[in-house]
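The values are calculated or read from the model by the stated rules, or taken from the named source; none is laboratory data. Note that this is a predicted model, so its numbers are computed, not measured. Glycine gets a Cβ as well: all are built from the backbone with ideal geometry, and neighbour counts include every protein chain shown.
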Amino acid sequence: MVESEDILSEESSAESGHRDIRGMVRKLSDNNWEIPKGHIPNMRVPGRLFVSESLLEGIEPGTIDQIANVATLPGIQKYSMAMPDAHLGYGFAIGGVAAFDVEEGIISPGGVGFDINCGVRLIRTNLQKEDVVPEIKKLTDELFTNVPAGVGSKSRFRASDRELDSAFLEGAKWAVDAGYGVDADVEHCEGNGYLEGADTSYVSTKARNRGKPQLGTLGSGNHFLEVQYVDEIYDREVASAFGLEEGQVTVMVHCGSRGAGHQICTDHLKELSQAVKKYGIEIPDKQLACAPAQSREAQNYFKAMLCAANYAWANRQMITHWTRESFEKVFGRDADEMGMSLLYDVAHNVAKLEEHNIEGRKKEVYVHRKGATRAFPAGHPEVPAAYRDVGQPVLIPGSMGTPSFILCGAKDAMDVSFGSACHGAGRVMSRAHAKKEFRGQSVKENLEAHGITVRATHPSVIAEEAPGVYKSSSEVVNVVHELGIARKVARVIPLGVAKG
């Protein structure tokens, strides 16, 4: 299913021409803009928008309003912020980050999104571009066949109730134990591929029924499975630590928790909409439904959200296994022989209990990252041992025909953005508008003329995800690089793309 918050409303886009963005923000420094506390009533903290001068011109006024709305929520720390790929979302802007006091703050599904733990993983190989280009059409076809994709797609795997519970509770670890990978895969996932505290008691029968047949599927919308090659290295020391070199072939997997996550969000939004009234919380937008962090309603949602996050890690792990099988079939070699190891896996849509330094003291907060990536620096204990000397890998996907980037978390991230960076290019056009603007077949032919093979369930999917409906991934990445919250390591270019 396409994530609900990933759809720009035509009304919002039309509204953009009627309000002056520059009149709504104040420049603090390069790539750093403030939304003052007086932008709307009851803001507890200012807003921060991390964009370049040129990217600012494309920000919708409604996105500014959403950043300000989040700043009114109880217990928010420092400021409400948005990354350079920010655009309109459900409640929070996509690209939004906010941290809330563990006792006095709140938890809000709008700060996570419907596609819980939509995320990205990157698989390294020891193959070179010239090894893969002659086989790219065959390989893309095999991946498209081997990994189910599209709206409502069903998995090759038929999960039992017990296996579904294990995916909800143990994430990638369960998938590896079930034969879908190796132990090193788990070590190279954010949080080791699962979050503690998940409780299936708070997952509805409807969410289970939606998730059960979809474990191991790609989904639709902006999700993809992409064969790429390393085109440019920016930092050779870090690239070496990440096991990357120019010309090397990599595979990027971008997907989330499918119907299970969407239903979990939908179910708990109903309860939290009532909790707002019960606890007397004033919110400027009903999409910011929330409850006090330690309340029954908030914790019920949080435990269910953790189930969806773990499901997503299991989902990407199974896709990784079938990706390795696809390479083995096409190249006639073992995956280990081809060096198919996991570089890293990062979550984009999740709320996590983390410790941060706020006003000179360490404090536990619920960090909501909605269309934003964790970007912890060198030395942080949650960075895998293999990367602890350089920082956490940060994976930023492009948009089918455009580059993706590998970055590493930098030290300023902890002070500037609660250890967060951008998560992609960011849409500038709704899906409905894209289908009017582009023809899927024409986009496909243009990409193939540039050496990029594309397979999708329908031409309309290609039209909706045409490179022209996104911001420049290069410009978005440059902002976080220049801010010092994530540093550029390498750029990868697509060779073959499978989409739902």
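Matching residues to (1) over 22 Å from Gln66 (Cβ atoms); (2) among the β-branched types (Val, Ile, Thr); (3) modelled with pLDDT under 95:
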| site | (1), (2), (3) |
| --- | --- |
| Ile233 | yes, yes, no |
| Met252 | yes, no, no |
| Gln263 | yes, no, no |
| Leu269 | no, no, no |
| Gly280 | yes, no, no |
| Gln287 | no, no, no |
| Cys290 | no, no, no |
| Ala293 | no, no, no |
| Ala298 | no, no, no |
Can you tell me how many residues within the stretch 129-175 are at pLDDT 95 or above, within 30 Å of Ile493 (Cβ to Cβ) and out of contact with any strand residue (DSSP E or B) (no Cβ under 8 Å at 6 or more places or on another chain)? 6
Restricting to the stretch 454-482, what's the tally of residues that are buried (at least 21 other Cβ atoms within 10 Å of the Cβ) and assigned to a helix (DSSP H, G or I)? 10
Looking at (1) touching a helix residue (DSSP H, G or I) at 6+ places or on another chain (Cβ under 7 Å); (2) in contact (Cβ under 8 Å) with a residue 40 or more places away in the chain, can you tell me which one Asn192 breaks? (2)
Would you mind stating whether Phe327 is closer than 30 Å to Val182 by Cβ, more than 25 Å from the chain's Cα centre (by Cα) and of a type in the set (Phe, Trp, Tyr)? yes
Tell me which of these Leu447 doesn't satisfy, since it passes every other one: (1) surrounded by fewer than 21 Cβ atoms within 10 Å (Cβ to Cβ); (2) among the hydrophobic types (A, V, I, L, M, F, W, C); (3) outside any helix (DSSP H, G or I). (3)
Going by what's in this entry, would Glu196 be described as surrounded by fewer than 17 Cβ atoms within 10 Å (Cβ to Cβ), within 18 Å of His348 (Cα to Cα) and at pLDDT 95 or above? yes
Considering only residues that are free of Cβ contacts under 8 Å to residues at least 40 places away in the same chain and more than 30 Å from Thr217 (Cα to Cα), which ones fall in the stretch 266-321? Ser273, Gln274, Ala275, Val276, Lys277, Lys278, Tyr279, Gly280, Lys286, Ser295, Arg296, Glu297
Is it the case that the stretch 142-156 has a residue that's on the phi > 0 side of the Ramachandran plot and either in a loop (DSSP other than H, G, I, E, B) or small (Gly, Ala, Ser) (or both)? yes
Looking only at the stretch 318-348, and only at residues there that are touching a strand residue (DSSP E or B) at 6+ places or on another chain (Cβ under 8 Å) and either over 18 Å from Leu122 (Cβ atoms) or of a type in the set (Asp, Glu) (or both), the one that is surrounded by the fewest Cβ atoms within 10 Å (Cβ to Cβ): Phe331
Hey, among Thr145, Thr140, which residue is of a type in the set (Ser, Thr, Tyr) and within 18 Å of Ala335 (Cα to Cα)? Thr140
Those residues that are within 20 Å of Ala172 (Cβ to Cβ) and in contact with an Asp or Glu (Cβ under 8 Å, 6 or more places away or on another chain), I need them from the stretch 329-340; list them, please. Ala335
Please determine whether any residue of the stretch 98-112 is farther than 22 Å from Pro494 by Cβ, small (Gly, Ala, Ser), in a loop (DSSP other than H, G, I, E, B) and modelled with pLDDT under 95. no
Matching strands (runs of 3 or more DSSP E) fully within the stretch 18-76 where at least 2 residues are within 30 Å of Gln294 (Cα to Cα): 47-49
